[in-house]
Each structure stands twice: as structure tokens, then as C-alpha cells.
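Data block below; observations after.
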Amino acid sequence: LETLVLPENELDASVCNGISAILQSPGCALTHLDLSFNRLENAGAQTLAAALSHGSGVASLRVVLLRDNEIGNEGVCAILGAFVACAASANNLEKLDLAECFANQSVVPSVARFLETRSPQFAMLSLLGL
């Protein structure tokens, strides 16, 4: 599995357990994860962040789209922190969309730490709606 595209499906945090299992499976080759316009909320973001921090799947990810998921400050910081924690193995990431996730300016320090760890190929971080 290289691409998982599930936008606008009313998915909630419970789906993140299955996606986490994929990200943590040996030989995970997922390059594109699109869960935009769902209802993952903070709990789903925390589950995904834990999988990103400890899973082998983070190495292959190039695009992660989590736009409009009611994630909030804690969830956004958890996702950004997961990519910081595994920066050495997550160097293929090119695009991270966290727009319209109900976060505010308190996430700026996490954004700064995230951007400090990105490789030159990283092209886009969207936080529209802060």
C-alpha cells in the first residue's frame, strides 16, 4: 500500500488505530496519506502521532494531508512533534497540510521546531486558519 486517500468520509479517531497499525508494520511503503475533511479530533491526531514517532512507515511518507479535522492545538503539536522526534528517518516528507484544524497561535513554537528539522526537499506546510 503506497497511497491511502480517505477524505470527506466522516471518519473519527477510531480509524486512526488501523492506520497506525499500517504505519507501524514492517516494510510499510505508504507515501501519501490523505485524511482531510474528517473528524479525527485531538484523539485521532495523538494516535497518529504515536505511530509516526515509533513506526517504520514514517520513512516513506512524502505527503500527509490532515486538513479540517478539528484536531486543535494539542493534536497539531503532537503531529509536528512526531515528525521532529523522527526527523532523521522522516526526511522524505514534502508536504504537510494541517489547515483549518482548530488550532491557534500557541502552536507556533512547535511549528518552528518542525521547520528546523526539515530537509531541503520539504516544500509546504499549511496552517491556514490559525
request  = Using 0.36 nm per residue of separation minus the Cα-Cα distance, give me the extension gain between Leu115 and Arg39 in nm, one decimal.
outcome  = 24.8 nm
request  = List, in order, the whole-Hz ³J(HN,Hα) value for each residue of region 96-111 obtained from phi through the Karplus relation with A = 6.51, B = -1.76, C = 1.60 and θ = phi - 60°; use x for Gly and Pro.
outcome  = 10, 10, 10, 5, 6, 9, 6, 9, 10, 5, 5, 7, 4, x, 5, 4
ask   = Relative contact order for region 45-103 using alpha-carbon pairs under 8 Å, separation at least 6, rounded to a whole percent?
value = 52
task = Find the relative contact order for region 82-128 and round it to a whole percent, using C-alpha pairs within less than 8 Å whose residues are 6+ positions apart.
result = 60
The chain, helix-only ellipticity at 222 nm - DSSP H runs n ≥ 4, -39,500 (n - 2.57), divided by all residues, nearest 500 = -11000 deg cm²/dmol
note = With a Förster distance of 25 angstrom and the Cβ-Cβ distance between His32 and Phe102, calculated FRET efficiency to the nearest 0.05 equals 0.55
note = Computed over region 1-128, the relative contact order (Cα-Cα under 8 Å, seq sep at least six) in percent reads 23
remark   = Label model pair Arg62, Asn91: point-to-point distance (7 angstrom along the Cα→beta-carbon line) in nm is 1.7
key: Shape of region 82-130, Cα gyration tensor, a/c cut at 1.5   = prolate
ask   = What is the ratio of the Cα radius of gyration of region 1-113 to 2.2 N^0.38 Å, where N is its residue count, to two decimals?
value = 0.94
request  = Report ³J(HN,Hα) in whole Hz for each residue of region 122-129, in order, from the Karplus equation J = 6.51 cos²θ - 1.76 cosθ + 1.60 where θ = phi - 60°; Gly and Pro get x.
outcome  = 5, 10, 8, 10, 10, 10, 3, x
ask   = What are the ³J(HN,Hα) values, in whole Hz, obtained from phi via the Karplus relation 6.51 cos²θ - 1.76 cosθ + 1.60 with θ = phi - 60°, for each residue of region 78-90 in sequence order, with x given for Gly and Pro?
value = 5, 5, 4, x, 5, 5, 5, 4, 10, 4, 5, 9, 9
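Each value in this text was obtained by applying a stated rule to the coordinates, not by laboratory testing. As the structure is a computational prediction, the values presented were derived from the model and not from experiment. All Cβ positions, glycine included, derive from the backbone under ideal geometry; neighbour counts span all protein chains shown.
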